[in-house]
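The values are calculated or read from the model by the stated rules, or taken from the named source; none is laboratory data. Just so we're clear, the structure is a prediction, and the values are computed from it rather than from any experiment. With ideal geometry, Cβ positions are generated from the backbone for all residues, glycine too; neighbour counts draw on all protein chains shown. Ligands, DNA and RNA are excluded from the accessible area calculation, which covers all protein heavy atoms including side chains. Shrake-Rupley method; radii C 1.70, N 1.55, O 1.52, S 1.80 Å.
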Amino acid sequence: MISERPLLSLKAITKTFGTLVANDNIDLELNRGEVLALLGENGAGKTTLMNILFGHYRADHGTIEIDGSQLSPGSPKEALQAGLGMVHQHFTLADNMTVLDNIMLGTEPLFSLRRHNSEAITKIKRLSEQYEIDVNPNSKVNTLSVGQRQRVEILKALYRDTRILILDEPTAVLTPQESDHLFATLKLLVTEGLAIIFITHKLREVMAVSDRCLVLRHGKTIYQCRTADTTAHKLATEMVGGELPKVLRKKSELGKSLFELNNINASDRKGHQLLRDLNLKLHAGEIIGIAGVSGNGQSHLADLVSGLLTPSSGQLVLNGIQVDKPTPLHMLRKGVGRIPEDRTATGVIGDMTVLENIALEKYWKKEYSRFGMLNSRTLANHTRKLTTSFDVRCGGLHSSARNMSGGNMQKLILSRVLSENPQVILANQPTWGLDVGATAFVHRQLIDACSEGAGVIIISEDLDELFSLADTIQVMYQASLSPPIDPARTTAAELGLAMSGHRDVVHSLLLKEAQS
Amino acid sequence: MDLVQLLFEAGFWAASVRMATPLIFGTIGELICERAGVLNLGIEGIMAAGCMTGWTWVYFGGDLWMGVLAAAFVGALFGLLHAVFTVHLGLSQHVTGLGITMLAAALSSFVFRMLLPNITTPPKITPFQLLEIPFLSEIPLLGKVVFTQSPMTILALLTVIVVAYFLKKTPAGLALSMTGENPMAVESQGLSVFAIRTWAVMTGSALMAVGGAFLTMSAFDAFYIGMVNGRGWICIALVVFASWNPLKALLGTIIFAAFDALQMRVQQQSGMIIPYQFYLMMPYIFSIVALIIMSRRSAYPKALLVPFRKGER
């Protein structure tokens, strides 16, 4: 099956943006039936390389060959026709349309008078059987789960007879079970002779599924090897360019109770229940992890804690005082710090400057405004201090926040929140999309805040994160929270089952704890 | 006056369909633009440009159908202008659209005055005559309402069917709807969002201009400044009412026109107990109420108003 000639070969690809060298003389080869893991921190040049491969950018130098024939640069259409397919991290599906519509888009001559739906359905059915990908072509995308949507994306690529499939951080949004499902699918694809490039931060997955690894740093190929000959530790140090900052958490004595939810219920205007009978108790020096597949009410829980959602019944107790009608400002003033889920949507305002974004959550404080006028000098000093101490890289205090990378944006938010010494910190997916270095930084900061007496609630879909940080884990499923589970006495697989609604698993976990 | 009797009168419905014609063209044109993700507030001005172009063409000796084509061409040009600003440069669709409306409306009046500087009463042309389609026009009720109309009205009805088929059944229609839902999906499948949006806005604008041309070439026989009289804005409301569906758009335009026809009848017949202004209001009140009810559950194109920039997420 494997021939001498590589299926895909990139030779000496170089691309510069102004003075920034995004890709520096990169060589890459990929054979049939092979999974190549492409690793690197944010900004290492992975995305640029893929954009060049797909013809979205033109390389300054270098050639791309697929199966021996050269690909003309800058033509997405030709790349698709040559058999390149990509599953983006942010799915490129239209939610309001059917699976069939999404798959068929662009596969027929644009000016034919009729769509050949039934032929397409036959082909989709055949592919789904061959690769064990189970989707109904007639269901609308917005009725599908995230895992199913990803399967639609893969199917979309297969429908075009893709030979080289590129997956950009495919497991970021999946539960452990869904990830396993994905890996099984990938194995099947590889045995059929497809070649796969797998872009990821998660080293455990690299070790599990890839045949070869390629590490990029600052646009250069730093390290290349067969997966069997390397270790996760070696890969991590190559990616970061040195030893990883170790994040260790020493458990401290729990202090007084800071924040309590007692039998909280909430529903929206149409009467749909958003939160169901929540119970949670956060102490000083404690980190509670909320595990769950996204869409099970985590965002409503976050809204509740930050004062955006008013409970219909139940008690919300902050620092021993019951809060009846929480508002965002009230919660902020009483020491609740909020690290929102979607940085660009509810964390920072892209069109406003770095300074203004810092001011957003503190402009009402005496130091920063007088008689309704902002005190720009103290604000500027404060912002400067924060950007240095949190190492926020930006184009200056008055550059717009839009231009920052995700990691720097998160540092900005973190500095805004932590500089107020909040007692309760709500961190919703605090490291989503961040690279190893930035993730370690965020974890370090949260742990430090915690050891200084704050309580932290971390909502995350990354179980590794929860296992390494949390004192207790509560699983959120269909708007309700499980009782606290001790992470030391459970495994990722068991949590995964609990996250997909197997209540008996939660019960047996609790039982195990009670017995010991 | 017997309202029930009126509702069964072929003449009433024929008038409604006739009065709906410019709205049908305008609404379908706007719908095509919006399904591709571009709001076209230039509609009011583009209809005025169509009015003027079609009429002038015929007045200076051109053929009626060629006049319709000329109007469509001018509409497409304004559409191209709108597309350059909103699609290629990614500027605000609201501001650009309003600008196009002002430009196109003012330019139409200006050109009309330039061509005919010394007139006191607007000159007339021979407009499209009623077309009785053989056999079909003899069907009871429907024959009078649908098949005994101006050829432009019949063209409008055909346009609805063609556009509905195009959007639902052809690959290009799928690509167009997809562009309005998620441009990234279109681009990643090797199609050009810029090209699709540009063509959609040009085609939609051409249809708007043809709607305008109906006013001077079929409904009346002369050009007056300001004769579009807000019809373009009504079309924008009707697109929302129709939830971006061409067949529902047809229904909406006919209901609106029926209220319009009704208020004319009522004005003539009743003993003026209620001031006539209230009857004038009826169609507009209908559109406001309909919008309030319908827009709550309408599924608008997800990428409407969102400019697409290459290489950005």
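Return the only residue of A:221, A:191 being of a type in the set (Val, Ile, Thr) and either open to solvent by less than 50 Å² (accessible area, probe 1.4 Å) or in contact with an Asp or Glu (Cβ under 7 Å, 6 or more places away or on another chain) (or both).
Only one candidate qualifies: A:221.
Can you tell me which residue in the stretch B:150-181 is surrounded by the most Cβ atoms within 10 Å (Cβ to Cβ), limited to those that are within 13 Å of chain A (Cβ to nearest Cβ) and farther than 22 Å from residue B:79 by Cα?
B:171
Under 6 Å between Cβ atoms, which residue pairs at least 6 apart in sequence (or on different chains) link something in the stretch A:318-346 that is under 19 Å from residue A:430 (Cβ atoms) with a partner that is assigned to a helix (DSSP H, G or I) and open to solvent by 70 Å² or more (accessible area, probe 1.4 Å)?
Pairs that qualify, where the first residue is under 19 Å from residue A:430 (Cβ atoms) and the partner is assigned to a helix (DSSP H, G or I) and open to solvent by 70 Å² or more (accessible area, probe 1.4 Å), are A:340/A:346.
Give me the strands (runs of 3 or more DSSP E) completely within the stretch A:1-53, filtered to those with at least 1 residues that are within 19 Å of residue A:75 (Cβ to Cβ) and open to solvent by 40 Å² or more (accessible area, probe 1.4 Å), ordered by residue number. Walk me through it before giving the result.
Details: elements: A:8-17, A:20-30, A:35-39.
Filter on the stretch A:1-53 gives A:8-17.
If you check A:29, A:41, A:34, which single one turns out to be among the acidic types (Asp, Glu), in the same structural domain as residue A:232 (by TED's automatic domain parsing) and in contact with a Ser or Thr (Cβ under 6 Å, 6 or more places away or on another chain)? Before the answer, list the steps.
Values: A:41 fails: in contact with a Ser or Thr (Cβ under 6 Å, 6 or more places away or on another chain); A:34 fails: in contact with a Ser or Thr (Cβ under 6 Å, 6 or more places away or on another chain).
Criteria check complete, one pass: A:29.
Any residue at all in the stretch A:242-252 that's modelled with pLDDT of 80 or more and either closer than 30 Å to residue A:316 by Cα or outside the structural domain of residue A:285 (by TED's automatic domain parsing) (or both)?
no
Which one is farthest from residue A:440 (Cα to Cα), of the residues in the stretch A:200-220 that are among the β-branched types (Val, Ile, Thr) and either in a helix (DSSP H, G or I) or at pLDDT 90 or above (or both)?
Among residues in the stretch A:200-220 that are among the β-branched types (Val, Ile, Thr) and either in a helix (DSSP H, G or I) or at pLDDT 90 or above (or both), the one farthest from residue A:440 (Cα to Cα) is A:209.
For the condition more than 22 Å from residue A:279 (Cβ to Cβ), more than 23 Å from the chain's Cα centre (by Cα) and in contact (Cβ under 8 Å) with a residue 40 or more places away in the chain, what is the one hit in A:496, A:453, A:437, A:433?
A:453
In the stretch A:439-462, is there at least one residue being in a loop (DSSP other than H, G, I, E, B) and open to solvent by less than 10 Å² (accessible area, probe 1.4 Å)?
Yes - at least one qualifying residue is present in the stretch A:439-462.
Counting just the residues of the stretch A:400-420 that are at pLDDT below 90 and among the polar types (S, T, N, Q), which one comes out surrounded by the most Cβ atoms within 10 Å (Cβ to Cβ)?
Checking each candidate, the answer is A:410.
Scan A:278, A:309, A:301 and give me the residue that is at pLDDT 90 or above, surrounded by 18 or more Cβ atoms within 10 Å (Cβ to Cβ) and in a loop (DSSP other than H, G, I, E, B).
Going through A:278, A:309, A:301 in turn, just one is at pLDDT 90 or above, surrounded by 18 or more Cβ atoms within 10 Å (Cβ to Cβ) and in a loop (DSSP other than H, G, I, E, B): A:309.
Quick test for you: out of A:133, A:124, A:164, pick the one residue that is more than 13 Å from chain B (Cβ to nearest Cβ), touching a Ser or Thr at 6+ places or on another chain (Cβ under 8 Å), within 21 Å of residue A:194 (Cβ to Cβ) and open to solvent by less than 20 Å² (accessible area, probe 1.4 Å).
The match here is A:133.
Could you list, ordered by first residue, the pairs with Cβ atoms under 7 Å in which the first is in the stretch A:100-121 and more than 7 Å from every other protein chain (Cβ to nearest Cβ) and the second is open to solvent by 50 Å² or more (accessible area, probe 1.4 Å), at least 6 apart or interchain?
Every condition considered, the pairs that remain are A:100/A:117; A:100/A:138; A:107/A:160.
Can you list residue pairs whose Cβ atoms sit under 9 Å apart, with the first residue in the stretch B:182-205 being at the interface with chain A (Cβ under 10 Å from one of its Cβ atoms) and basic (Lys, Arg) and the second being in a helix (DSSP H, G or I) and open to solvent by less than 10 Å² (accessible area, probe 1.4 Å)? Count only pairs 6 or more apart in sequence or on different chains.
Pairs found: none.
Taking residue B:125 as meeting all but one of (1) open to solvent by less than 50 Å² (accessible area, probe 1.4 Å); (2) within 28 Å of residue B:194 (Cβ to Cβ); (3) not in a helix (DSSP H, G or I); (4) not small (Gly, Ala, Ser), write down the number of the exception.
Looking at each condition in turn, residue B:125 falls short on (2).
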